[in-house]
Structure formats: structure tokens, C-alpha cells
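J.: Sharing a structure, written as C-alpha cells. Questions coming.
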Amino acid sequence: MLRSFSLNHVVALLGLVLGLSSYLMLHRYGAPEKVCVGAGILALLVVSIFWSSVLLGTDDDEDD
């Protein structure tokens, strides 16, 4: 059964791809392992912080 994906799932998947590609790019150019892992985690954190701020900015309940 195919589940429907929301926009949140797509952003999470793109964040994961960005983290993995950052890790693999740095690993390919010979950066130390700690730097590669740190860059991958940092990319994931940047995407999650950005998307959280986007979701917090869309306030559906307006108190008048």
C-alpha cells in the first residue's frame, strides 16, 4: 500500500539527502572523519531548524 507523503516528509527526506551528500563530499576530498560526520549532522540541523521556524511562522489560529 502506497502512503501519501506530506510536505514535512519531503523536507525531511531532502534534509537527509543533504546531510549524506555533505558527508560523502567531504569524505571524498579527504577530510577527517570527525569533520565529515559533523558536517552531515550540521546540515541536518540547519534543515530542521529552518523548517521548524517556517512551521512556527504559519500560525493558523489568529486571536483577534
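The values are calculated or read from the model by the stated rules, or taken from the named source; none is laboratory data. The shown structure was predicted, so the numbers you read here are calculated from the model rather than taken from an experiment. Quick reminder, even Gly has a Cβ in these numbers, built from the backbone with ideal geometry, and neighbours come from all protein chains shown. Remember, those area values only see protein heavy atoms, side chains included, never the ligands or the DNA or RNA. Shrake-Rupley method; radii C 1.70, N 1.55, O 1.52, S 1.80 Å.
J.: In segment 49-63, is there at least one residue being assigned to a helix (DSSP H, G or I), open to solvent by less than 80 Å² (accessible area, probe 1.4 Å) and modelled with pLDDT of 90 or more?
T.: Looking only at segment 49-63, we keep the residues that are assigned to a helix (DSSP H, G or I), and these are 49-57.
Retained after the next criterion (residues that are open to solvent by less than 80 Å² (accessible area, probe 1.4 Å)): 51-54, 57.
Of the ones still in play, those that are also modelled with pLDDT of 90 or more are none.
Within segment 49-63 (the criterion being assigned to a helix (DSSP H, G or I), open to solvent by less than 80 Å² (accessible area, probe 1.4 Å) and modelled with pLDDT of 90 or more), the answer is no, since none of the residues qualifies.
J.: Taking Ala31 and the conditions (1) more than 12 Å from the chain's Cα centre (by Cα); (2) aliphatic (A, V, I, L, M); (3) part of a helix (DSSP H, G or I), which numbered condition does it fall short on, given that it satisfies the others?
T.: (3)
J.: Under 7 Å between Cβ atoms, which residue pairs at least 6 apart in sequence (or on different chains) link something in segment 41-64 that is small (Gly, Ala, Ser) with a partner that is modelled with pLDDT of 75 or more and surrounded by 10 or more Cβ atoms within 10 Å (Cβ to Cβ)?
T.: Short answer, once both residue conditions are applied: Ala43/Leu18; Ala43/Gly19; Ala43/Ser22; Ser48/Gly15.
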